[in-house]
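Quick notes on the structure that follows.
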Amino acid sequence: MISLTVIGDVNVEINGSIDVPFSRIDHNILDYGPLEMRIGGTAPNLAEAAAGRFSPIRVVGCVGSDELGTWAEHSLKKIGVDARLQHDPALPTGLAVSIRDGTAPGGRRLLIVRSENANRMLDSAHITGNSTALTQAGVFVTDGYSLLAEPRRGATLEAMRVAATAGAQVVVDVVPHDCYRLIDELELSKWLASAHVVVVEVRTMRRFFGLSTPPGDIDLSVALETLEHLQSIFRDRSFLLRFGVQEVSESLVCQPDRKPIHRHIDFTGGRLSHNFGDVLTVDELTRYFF
């Protein structure tokens, strides 16, 4: 198997659901239902989805020097992940609460993430101390959340360069999906400087480059137009483009100088699992690299 290293958020998540739509709630309510506390965040979700397809799997990230940080590290090790976690004494471990309502299909999700948390404190010293997680990786994956703020931005860019120089295939997931509000084309070019494969939604890229975005679900012709625009700017990158129903029902797998492969994804419009997007990413990467 190919080894995998991931840099991203490491959070503790509390997940639940309610039967009624959020729009019907106009007063305080008390509801009883199942609640689940689990390891979450972009890095653990991807690592969990990759189990059985990549090995070994390493997660590099930062948590607080608190009980939740210890629990998160233990939870990663429990699912077979080599956890390379920095423990920051100043900020708490990332914490998220996810509630889905009764809207069909799939339900709307209310996701609340602790604003000040240790994720962003990942630094270059920790990257240097865990260089083997990068130099021994066959595939290295990170995302835009890790590239928004210092010191993690600089540490992640450094990690990408180290991994790419050592021969890893570097994959960047361009999130958040409203990143067009936060960065410009120059910054995006820095994000992708060491990348070999870019995962992104078609709608995100159209808004980023100021292209007209049709209402409703994006179809194949619009996706191909978007691909052409991306390839004119980032000529030597491969792209995993997502579009269709809820931006997940179709994808284009696009390698330089090759005809793009159009895939329909098994998506019924039901409730999405907490890491549905990560499962899709791992599935696409498995097809791409194997």
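The values are calculated or read from the model by the stated rules, or taken from the named source; none is laboratory data. If you're wondering where the values come from, they're calculated on a predicted model, not measured in any experiment. Every residue, glycine as well, gets a Cβ built from its backbone with ideal geometry; the counts of neighbours run over all protein chains shown. Side chains included, ligands, DNA and RNA excluded: accessible areas come from the protein's heavy atoms. Shrake-Rupley method; radii C 1.70, N 1.55, O 1.52, S 1.80 Å.
See the values below:
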item	result
Output for region 176-190, where each listed residue is under 16 Å from the mean Cα position of the chain (by Cα) and more than 10 Å from LEU147 (Cβ to Cβ)	PRO176, HIS177, ASP178
For ILE57: the one exception among (1) open to solvent by 80 Å² or more (accessible area, probe 1.4 Å); (2) of a type in the set (A, V, I, L, M); (3) touching a helix residue (DSSP H, G or I) at 6+ places or on another chain (Cβ under 7 Å)	(1)
Hits in region 69-101 (condition: among the basic types (Lys, Arg) and assigned to a helix (DSSP H, G or I))	LYS77, LYS78
Residue among VAL172, VAL141 that alone is more than 17 Å from HIS87 (Cα to Cα) and either assigned to a loop (DSSP other than H, G, I, E, B) or without any contact (Cβ under 8 Å) to a residue 40 or more places away in the chain (or both)	VAL172
Of the criteria (1) buried (at least 24 other Cβ atoms within 10 Å of the Cβ); (2) farther than 30 Å from TYR288 by Cβ; (3) hydrophobic (A, V, I, L, M, F, W, C), which one ALA72 fails	(2)
Within region 146-182, considering residues that are more than 19 Å from ASP123 (Cα to Cα) and among the hydroxyl-bearing types (Ser, Thr, Tyr), the one modelled with the lowest pLDDT	TYR180
Any hit, region 115-136, residues being without any contact (Cβ under 8 Å) to a residue 40 or more places away in the chain and within 24 Å of ILE18 (Cβ to Cβ)	yes
Filter result for ARG58 (in contact (Cβ under 8 Å) with a residue 40 or more places away in the chain, over 18 Å from GLY277 (Cβ atoms) and among the charged types (D, E, K, R))	yes
Every residue from region 22-47 that is exposed (fewer than 10 other Cβ atoms within 10 Å of the Cβ) and of a type in the set (S, T, N, Q)	SER23, ASN28
Sole residue being more than 24 Å from ASP101 (Cα to Cα) and either in contact with a Phe, Trp or Tyr (Cβ under 8 Å, 6 or more places away or on another chain) or open to solvent by 60 Å² or more (accessible area, probe 1.4 Å) (or both), chosen from PHE208, PHE289, PHE234	PHE208
From ALA163, ALA195, ALA223, residue being in contact (Cβ under 8 Å) with a residue 60 or more places away in the chain and surrounded by 14 or more Cβ atoms within 10 Å (Cβ to Cβ)	ALA163
Any hit, region 183-197, residues being assigned to a helix (DSSP H, G or I), within 23 Å of GLY41 (Cα to Cα) and either at pLDDT below 95 or hydroxyl-bearing (Ser, Thr, Tyr) (or both)	no
Residue match in region 3-21 (condition: over 30 Å from VAL81 (Cα atoms), open to solvent by 10 Å² or more (accessible area, probe 1.4 Å), touching a residue at least 24 places away in the same chain (Cβ under 8 Å) and in contact with a Lys or Arg (Cβ under 9 Å, 6 or more places away or on another chain))	yes
One residue from ARG120, ARG161 being in a helix (DSSP H, G or I), within 24 Å of ARG38 (Cα to Cα) and charged (D, E, K, R)	ARG120
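Here's the yes/no breakdown for (1) part of a helix (DSSP H, G or I); (2) within 29 Å of GLY144 (Cα to Cα):
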residue	(1), (2)
ILE14	no, yes
ASP31	no, no
PRO44	yes, yes
GLU48	yes, yes
